[in-house]
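A short worksheet on the structure shown next.
The values are calculated or read from the model by the stated rules, or taken from the named source; none is laboratory data. Since we're looking at a predicted model, the values are computed, not measured. Heads up, the Cβs are rebuilt from the backbone with ideal geometry, glycines too, and the neighbour counts pull from every protein chain shown. We work out accessible area using only protein heavy atoms, side chains counted, and drop any ligands, DNA or RNA first. Shrake-Rupley method; radii C 1.70, N 1.55, O 1.52, S 1.80 Å.
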Amino acid sequence: MKSQLNKKTIERYSRQIILKDIGILGQKKIFSSRVLIIGAGGLGSPVIEFLSRAGVGSLGIVDDDKVSLSNLHRQGLYNTSDIGRFKVKIAENKIKKINPNTKVTIYKIRLSNNNFKKIINNYDYVVDGSDNFKTKFLINDFCLKFKKVLVTGAISKFDGHIFTFNFKDKKIPCLRCFFQESNISDDLLNCESEGILGTIAGIVGTIQANEVLKKILNIGIGLDGYIFILDLLNLNFRKVKLKKRKSCICK
C-alpha cells in the first residue's frame with residue numbers, strides 16, 4: 001500500500017503513531033507489510049479487522065466456506081444478511097469500508113500442496129486461523145520451508161492456544177514438535193462437538209493480530225518458541241517453552 005502520510009492519514013493512525021515504539025517509521029513498516037490470513041472464521045475475523053484498521057498494506061484471505069447461522073455468535077465480520085454468502089467476499093467488502101487503502105486479495109479455495117505454493121511467497125507473515133490439524137500442519141510445513149513468520153491460534157470451549165514461529169531462525173521448534181500427527185484428533189478444534197464461547201475466539205484472534213503487528217514493528221517480547229495458553233473460564237494464563245523434537249522435520 002502506497003499511503004502518503006498526509007494530514008488525513010496521520011489523523012487516522014494518530015493514536016498508533018504517537019506511541020514511542022511505533023512513530024512515523026513504524027507506521028510506514030505497517031503500510032508496507034504483507035499478511036496472509038488462512039481462515040476467515042472465529043479467529044480470522046478479528047485478525048482481518050484489526051490488521052486492516054492498523055494499516056497493513058496487503059492482506060490475503062484464504063477460505064472456501066460460506067456464512068452459516070451458527071457462525072454469527074463468534075465471527076464478528078458477518079451478520080444475518082450474510083448467511084449463505086462466501087466469507088472471503090464479505091470480508092473483502094467489509095475491509096474496503098473499514099480501510100480502503102488496504103489491498104485485499106481473496107482466495108476462495110481450500111488449501112492444498114499445489115495451490116499454497118502459488119500463494120505463500122506473496123506474503124511475509126502468515127496467520128493460521130484454521131480449524132483442523134491437516135490444514136495446520138500444511139501451513140506449518142510450508143512456512144518452515146519458505147522461512148515465513150507464522151502465528152497460529154487454536155480454540156475450544158473456554159480455552160485458547162497461541163504459537164508464534166519465526167522460521168528464519170533455525171533454532172525455533174515448529175508445530176509438529178508440540179502436536180504429533182498420530183496422537184491428535186480434530187475433535188479438539190471442533191466447535192460443533194466441543195462448543196466455544198464466542199468471546200474466546202475474539203480474544204485469541206485479537207492476540208494473534210497483536211503478535212503480527214509486534215513482528216512487523218520488531219517490538220516487545222514475542223512468542224517465538226513458546227505456546228501461550230489461556231484458560232479464560234478461570235483466568236489462568238501460561239507461557240510454556242516448546243522444545244525442538246529431534247525426530248521432527250524442523251530438526
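Per-structure values
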| read-out | value |
| --- | --- |
| Whole-number accessible area per residue in Å² for the chain, which is evaluated in the context of all protein chains at 1.4 Å | 51 Å² |
| Radius of gyration and maximum dimension Dmax of the chain, Cα, Å | 17.5, 55 |
| Cα shape, region 66-114, gyration tensor, a/c 1.5 rule | oblate |
| Alpha carbon centroid spacing (whole Å) that separates region 80-145 from region 209-251 | 21 Å |
| Farthest toward positive dipole pole in region 62-104 [+1 Lys/Arg, -1 Asp/Glu at C-beta], among Thr102, Asn71, Ile83 | Thr102 |
| Length gained when the stretch His73-Thr9 is fully extended (0.36 nm per residue, less Cα-Cα span) | 19.7 nm |
| Electrostatic dipole magnitude of region 1-129 [Cβ: Lys, Arg +1; Asp, Glu -1; Cα centre; debye, to 20] | 460 debye |
| Region 1-106 - percent of accessible surface contributed by carbon and sulfur, probe 1.4 Å | 53 percent |
| Under the Karplus curve 6.51 cos²θ - 1.76 cosθ + 1.60, θ = phi - 60°, whole-Hz ³J(HN,Hα) for region 31-41, x wherever Gly or Pro sits | 4, 8, 7, 10, 10, 9, 10, 9, x, 10, x |
| Charge-dipole axis of the chain as Lys and Arg at +1 and Asp and Glu at -1 on Cβ define it, positive-most pick from Leu233, Gly39, Ile22 | Ile22 |
| Within the chain: Cβ-based charge dipole about Cα centre, in debye rounded to nearest 20 (Lys, Arg +1; Asp, Glu -1) | 1220 debye |
| Over the chain: helical MRE at 222 nm, DSSP H runs n ≥ 4 each giving -39500 (n - 2.57), nearest 500 | -10000 deg cm²/dmol |
| Selected from Phe163, Phe116, Phe179 as most flexible by GNM, with the chain as the system and alpha-carbon contacts under 10 Å | Phe179 |
